[in-house]
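Notes for the one structure printed next.
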Amino acid sequence: LLESGFVLSNIPTSLISVGARPPEEGDPDYDFRLKQDGEKVLTNTSKSLHRLEGYLQATQDLPSPRYADFYTTIGIRANYFNLIDDFSLQPRGLLGVTLGPNFENTDQLHLLPVNLRFMYGSYVQNPQFYQVVLGKENPELTSSLARHYVVTLEKNLISKPQEIDSTTK
């Protein structure tokens, strides 16, 4: 399975501020009365924000032994944001296996099959408009980066409902 997509957006944005700003995560010195050189920061600015994002990913079943179905997904997301003139590539990946025989035609609950997945993803979040334009200009401001490592174990615990025979009532 091959998947792709893209988003191109143009967002006209305006900001009018007399000093107040939202708190920054993890900022112990946060002061909502944002001041610069002892004076409140008065801001009235507009900018057109352009964002281009695209992704490409492929999922493939892998050669598997009996009672184990291996599959993998690999992908990449690209992102450009004009506010900070930043381009990023964000790789993603998944390796999964379904273990055990399939007991679809029985009414009993079984421990198998189970799905086990190992996932990795690199994610970028661009700064908000107010972070860039309020206060002193910060040319060092960049996107936030998070790397996720996830392991999941999944088991369906609900058996299929029994079909009602119309001859027995």
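Assorted remarks:
- Residue-wise HN-Hα coupling along the stretch 87-93, computed from phi with Karplus coefficients 6.51, -1.76, 1.60 (Hz; x: Gly, Pro): 10, 9, 10, 10, x, 9, x
- The modelled label-to-label distance between Asp85 and Val150, using points 7 Å beyond Cα along the C-beta direction, is 3.5 nm.
- Amide H contacts under 5 Å for Thr13, placed H, 5+ residues apart: Lys47, Ser48, Leu49
None of the figures in this text is laboratory data; all of them are computed from the coordinates on show. None of the values given here were measured: they were computed from a predicted structure. Heads up, the Cβs are rebuilt from the backbone with ideal geometry, glycines too, and the neighbour counts pull from every protein chain shown.
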